[in-house]
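These notes are about the structure you will find just below.
The values are calculated or read from the model by the stated rules, or taken from the named source; none is laboratory data. Here the structure is a predicted model, which is why all the values come from computation and not from measurement. Cβ: placed from backbone, ideal geometry, glycine included. Neighbour counts: every protein chain shown.
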Amino acid sequence: MNIDDFIKVYCSGDITEIPGTKSNYGNTEYIILGKIIENITKATYAEALQNRILKPLQMNSTGVLKSNDIVMGLTASYTMNETDNTIATDEPYYIENYFSAGAIYSTVEDLLKFDTAIFDNQLLNEETTKLMISPNLELQNVAFGFWFSKGYGNFKEDFVYRPGAILGATANWIHSIDNKKSIIVFSNTNATNLYEMSEQFYLASKGEQLTIPEPKKNKEPKALSIESTKGTWVIDLRPSPKSEPYLKEFVITPILGKNFNGTFYGASFESGIFNIEWDVLIFAFTTQDRENTYYHSGYIDGDQVFGISYSKGRQFTSHWTGKRK
């Protein structure tokens, strides 16, 4: 379905409210806005975005996604099931349907360039920029594409903000008006409250005491816990829950103190390390092949292991789980 058909089917119902009398956020309005941009510029939305914003601001790691595109460095997204706190890879979806409402990839560095351009009046003149971020006091302080707040939680000053999420891909963007601090947080999982994380960054930027609760620690670490991990674990590296099982072996050989050696996916490693100060055994180790380095970390809870692997060279992040063989 092309965008014109999409608008006709999903965005062309009767107006539910008189414009200017109620704030009710929805993706469909941004899809219509994207089509208006195309009609005015006589270019596609992607071309208009590239020519008027991305290229002038040198936002070289930002663009409009298409389902068949391969974007180097683009990470997968994961959604946490709030019922049992398990995390699974998001199923593929047709990103074109989001169009101008959310089919864009970017980085925090590029979004900082965008933030700077807005508040330095590089994209709009000063008068129009002030109008864009001015709150409508009768409509829950909504502005034009932004929300406005007089301060909330640890933020004690006026700020504008813009959160966003599609399944596990989440982001939070805050700009304080008076001291011009910008806080931009991206995540590829919905398991973290990005506003609370932004509050901590804000406190740190002001040199104030953070309010992060102390993690719960194991009051009586068990000396035999590390030794009990010795042996072979069968891990499942399937890329998504619906994929066929992809089983490999993870061998742990405790040696001295908190250290261990072993093999992972057929690659031997040394100098793995455990942290025994928590309710579960946390571990980290590194493997290599001829071209790339792989970083692995995770935790063992009873007879189950949960881990994540990352390779900068191969541009991938992989979650895995396993059980004792």
### Sole exception among (1) hydrophobic (A, V, I, L, M, F, W, C); (2) touching a helix residue (DSSP H, G or I) at 6+ places or on another chain (Cβ under 9 Å); (3) more than 28 Å from residue 83 (Cα to Cα) for residue 203, by number
(2)
### Task
Can you work out which of the residues in the stretch 167-181 that are buried (at least 17 other Cβ atoms within 10 Å of the Cβ) and under 21 Å from the mean Cα position of the chain (by Cα) is farthest from residue 91 (Cα to Cα)?
175
### Which listed residue is β-branched (Val, Ile, Thr) and within 26 Å of residue 75 (Cβ to Cβ), from 263, 287
287
### Message
Could you check the stretch 134-166 and list, in sequence order, the residues that are hydrophobic (A, V, I, L, M, F, W, C), within 26 Å of residue 19 (Cβ to Cβ) and surrounded by fewer than 16 Cβ atoms within 10 Å (Cβ to Cβ)?
### Response
137, 139, 144
### Task
Give the number of residues within the stretch 39-80 that are under 17 Å from the mean Cα position of the chain (by Cα) and either among the hydroxyl-bearing types (Ser, Thr, Tyr) or part of a loop (DSSP other than H, G, I, E, B) (or both).
12
### Task
Answer yes if at least one residue in the stretch 86-93 is without any contact (Cβ under 8 Å) to a residue 60 or more places away in the chain and more than 20 Å from residue 318 (Cα to Cα), and no otherwise.
no
### Query
So which residues in the stretch 248-260 are surrounded by 12 or more Cβ atoms within 10 Å (Cβ to Cβ) and either assigned to a loop (DSSP other than H, G, I, E, B) or of a type in the set (A, V, I, L, M, F, W, C) (or both)?
250, 251, 252, 255, 258, 260
### Message
As an exercise: evaluate residue 97 against (1) within 23 Å of residue 192 (Cβ to Cβ); (2) at pLDDT below 95 and give the number of the one condition it does not meet.
### Response
(1)
### Query
Restricting to the stretch 1-38, what's the tally of residues that are assigned to a helix (DSSP H, G or I), more than 23 Å from residue 118 (Cα to Cα) and not charged (D, E, K, R)?
6
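The rows are residues; the columns are (1) among the β-branched types (Val, Ile, Thr); (2) farther than 30 Å from residue 318 by Cα.
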| residue | (1), (2) |
| --- | --- |
| 1 | no, yes |
| 21 | yes, yes |
| 36 | yes, yes |
| 45 | no, yes |
| 70 | yes, no |
| 101 | no, no |
| 107 | yes, no |
### Message
Just to confirm my filter: which strands (runs of 3 or more DSSP E) fall fully inside the stretch 81-191 and include at least 1 residues that are closer than 19 Å to residue 27 by Cβ?
### Response
147-149, 159-166, 169-176
### Query
Looking at this structure, is residue 41 buried (at least 16 other Cβ atoms within 10 Å of the Cβ) and either in contact with a strand residue (DSSP E or B) (Cβ under 9 Å, 6 or more places away or on another chain) or at pLDDT 90 or above (or both)?
no
### Message
Can you tell me which of (1) farther than 23 Å from residue 93 by Cβ; (2) modelled with pLDDT under 95 is the one residue 66 doesn't meet?
### Response
(1)
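To keep it simple, each residue is scored yes or no on (1) in contact (Cβ under 8 Å) with a residue 60 or more places away in the chain; (2) of a type outside the set (Val, Ile, Thr); (3) not assigned by TED's automatic domain parsing to the domain that holds residue 56.
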{"position": "100", "(1), (2), (3)": "yes, yes, no"}
{"position": "108", "(1), (2), (3)": "yes, no, no"}
{"position": "111", "(1), (2), (3)": "yes, yes, no"}
{"position": "120", "(1), (2), (3)": "no, yes, no"}
{"position": "131", "(1), (2), (3)": "no, yes, no"}
{"position": "192", "(1), (2), (3)": "no, no, no"}
{"position": "196", "(1), (2), (3)": "no, yes, no"}
#### Entry: Within the stretch 183-223, considering residues that are closer than 28 Å to residue 274 by Cα and of a type in the set (A, V, I, L, M), the one modelled with the lowest pLDDT
223
### Message
Being under 21 Å from residue 79 (Cα atoms) and out of contact with any Phe, Trp or Tyr (no Cβ under 8 Å at 6 or more places or on another chain) is the requirement here; does residue 166 meet it?
### Response
no
